[in-house]
Amino acid sequence: MRSRIQQLCFLFSVWIYFTFFGKFHLLFTEGMQLFLFTRDYAADTCMQPGGTANYLSRFIVQFFHFPWLGALIIAFMLLALQFLVQKVASEKPGEHSGLSYIPSFFYLCLLADLTKYTITGLVSLLAALTAVLAYKHIRNTGYRALWGFISLPLLWYTMGGVAVLAALLMIVTELARKEQRRFLPLLAVITVGLTTVFAAPRIAPSLSDPALFYGANYLRFIEQWDLVLPTLWIATALVIICLKLVPSVQKQGYAVLVSVLIFLTGYFSLWRIHDTGREDILRCYFSIHKGHWNEVISRARKKMPVDVLTINGLNLALAATNQAGDCMFAFPQSPQTLSVFNTGEGLLFSAETLFNLGFINEAQRLSHEYMESAPDRQLSALLLAQMAETNLIAGRTAVAEKYLRLLEQTLFYKKAARGIMPLTRDPQLVRAHPFYGPLRKYQPAGNFSSDFSNLDNMLARMITEHPDNKMAVNYFFMYLMLHKNSEALHNLFPAVAPVPRHYQELIAWMQTMEPDNYPRYKDVTIDASVKTELNLLLSQIRRGNNSPASLGPQYAHTYWFYLLFM
């Protein structure tokens, strides 16, 4: 009964965590891979060290498309790890000390950052423990030696470096046997283990040392050494040895206390490791990718964004919903929040920004750069879908069709790919499309030089050629406001009623401080509330109350505060 309660508690808590606190890590993991149901893909993936583990894990990851299902799969896999540790250690049904959950909690903490660690290591660990469990249940000495001799090199080639743990546990299992005839299995395991170590560099000479050791993509950065996974393997072996050695009377006596301690430690470790900020960044990315602008803004109002990527996505949402002029300074701002980023996840945010502003070719370039720079060298279904759209909008229908053909070989993207495919055969359908049509119209008529360090020049040309591109107009307005380019604002943005709140704040400031330099602002009507608030601010400044700390509580949401202190 106690074991069932432990299992249900663990299963439910893992599902809750990934469904509600790691949802966008799951979506990101799924979107950044491309699993194809083709023979060529299976052969290319499996015919390399650790390839089978990669293939199986990628098959599983595609179901993360539905986060609740992905969370359930991970929960059952971690529970399976606990079950196998318990069986390999021969823990009796009535004992259930909770020690067998330590490797599962360890791996749960690793999976809290799915952008670094993958479930491939978990798949491999389950395979290794299954091989050890089979070895343990073979009573015939000769057959046991044969199983060890065959399974270890097979494990390394299919599952990667976790074969080291399997060899160690086979030796421990053999030494723990009561019968004396154990020389042949030990000799077989040790001999084949050493042979595999020396043969591996010759089997895969092109692999670096870390890639050769790990074999499978246990983590996304496959060219780097990472001692966390070997530490996990050692911890798993120690738990199994401990369960074998601790007398059952003691295990029964301290079972409840040890179980509670292990579960509390596991949950506390997960709480400390969980990166809320990164989850928020990924949440923002998927919201702007789907065009859920109001969701981004609503989220920012509930929880003030602090990182530059989330604010970048928020600014795009404000431009898309025509709210920038009224509330952009209600959030932390700086010129960097409208930059085009060229590294990491910043490439994804910038690709979305440029795509929605109408800079289609530039968006495609950044998406392709991110996919090419992916540390695990995988294609991305999410980015391939976006590049199919960019090529379709740009009129490169043959390239768009190539990407869509690939997506038709997937489980969850084929329906959308088949829906878009008719547009590749008839350009008129693209022009008439409610989303692709306007973006196609915004393409430059002549040669266009993109310079991301001078985004204002790109935006100026866009709105000159296409003044109906409202999102670009709003984004250019935001850019000039954040860079305090009041002269360009004066020349390019006539104060047409209704004048946005922040623009009124700028105009009121210039009417007061530099009335002769901005003639177009002279006759602009300013709301009485704005005038009153500005007069109060100026009176405080004259009294010497001019520090950000003293003025911030009352004026941090205004353009004046940004103009003075940022």
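Since every read-out is calculated from the coordinates, none of them should be taken as a lab result. Quick caveat: nothing in here was measured; it's all calculated off a predicted structure. With ideal geometry, Cβ positions are generated from the backbone for all residues, glycine too; neighbour counts draw on all protein chains shown.
Taking the square roots of 5 times each eigenvalue of the Cα gyration tensor of the range 484-565, largest first, gives ellipsoid semi-axes of 23, 13, 12 Å. Expressed in Å, the radius of gyration and Dmax of the Cα atoms of the range 277-441 are 16.4, 46. Taking label points 7 Å from Cα along the Cα-to-Cβ direction, ALA235 and ASP376 give a separation of 2.0 nm.
Bin all alpha-carbon pair distances of the range 360-468 at 5 Å intervals from 0 and give each bin's fraction as a whole percent. P(r) over the range 360-468, rounded to whole percents: 2, 11, 19, 20, 19, 14, 9, 5, 1. Remark: the range 506-516, residue by residue, has Karplus-estimated 3J(HN,Hα) of 5, 5, 4, 5, 5, 4, 8, 8, 9, x, 7 Hz, where x stands for each Gly or Pro and the curve is 6.51 cos²θ - 1.76 cosθ + 1.60 at θ = phi - 60°. Ranked by the mean number of other Cβ atoms within 10 Å of their residues, highest first, the peptides 116-126, 266-276, 71-81, 434-444 fall in the order 116-126, 71-81, 434-444, 266-276.
Length gained on full extension, TRP68 to ASP44, computed as 0.36 nm times the residue gap minus the Cα-Cα distance: 5.6 nm.
Considering only ALA549, THR191, ASN391, and ranking their Cα positions along the charge dipole of the chain that arises from unit charges at the beta-carbon of Lys, Arg, Asp and Glu, the one farthest toward the positive end is THR191. Compared with the alpha-carbon gap, the fully stretched path from VAL197 to ASP456 is longer by 87.5 nm at 0.36 nm per residue. Of all lysines in the structure, those lying under 28 Å Cα to Cα from LYS136, and not within fewer than 8 positions of it along the same chain, are LYS87, LYS92, LYS178, LYS244, LYS251. Straight-line cross-link reach from LYS415 at under 27 Å between alpha-carbon atoms covers these lysines, not counting any fewer than eight positions away in the same chain: LYS23, LYS290, LYS402, LYS441.
Note on TYR143 and LYS116: the model spin-label points, each 7 Å out from Cα along the C-beta direction, lie 4.5 nm apart. For the range 473-481, 3J(HN,Hα) computed residue by residue from phi via the Karplus equation (6.51, -1.76, 1.60; θ = phi - 60°) reads 4, 5, 5, 5, 4, 4, 4, 5, 5 Hz, glycine and proline entered as x.
Shown is the FRET efficiency for ARG543 and ASN322, computed with R0 = 35 Å from the Cβ-Cβ distance and rounded to the nearest 0.05: 0.40.
With neighbours defined as other Cβ atoms within 10 Å of a residue's Cβ, the residues MET32, MET421 order from fewest to most as MET421, MET32. When N counts the residues of the range 462-505, how does its alpha-carbon radius of gyration compare numerically with 2.2 N^0.38 Å, as a ratio? Dividing the Cα Rg of the range 462-505 by 2.2 N^0.38 Å gives 1.11. One decimal place: the segment VAL256-LYS522 gains 87.9 nm when fully extended, by the rule 0.36 nm per residue minus the C-alpha distance. Model label sites at ALA134 and ARG177, defined 7 Å from Cα along the beta-carbon direction, differ in position by 1.7 nm.
Among TRP156, TRP68, TRP560, a tally of other beta-carbon atoms within 10 Å of each Cβ gives an order, fewest to most, of TRP68, TRP560, TRP156.
Coupling constants for the range 150-162 follow from the phi torsions by the Karplus curve (6.51 cos²θ - 1.76 cosθ + 1.60, θ = phi - 60°), and in residue order they are 8, 6, 5, x, 5, 4, 4, 5, 9, 10, x, x, 5 Hz; glycine and proline get x. Over the chain, all Cα pairs binned in 20 Å intervals from 0 give whole-percent P(r) values of 18, 40, 27, 13, 2, 0, listed from short to long. Each residue in ARG543, ARG396 was given a count of other beta-carbon atoms within 10 angstrom of its own, and listing them fewest first yields ARG543, ARG396.
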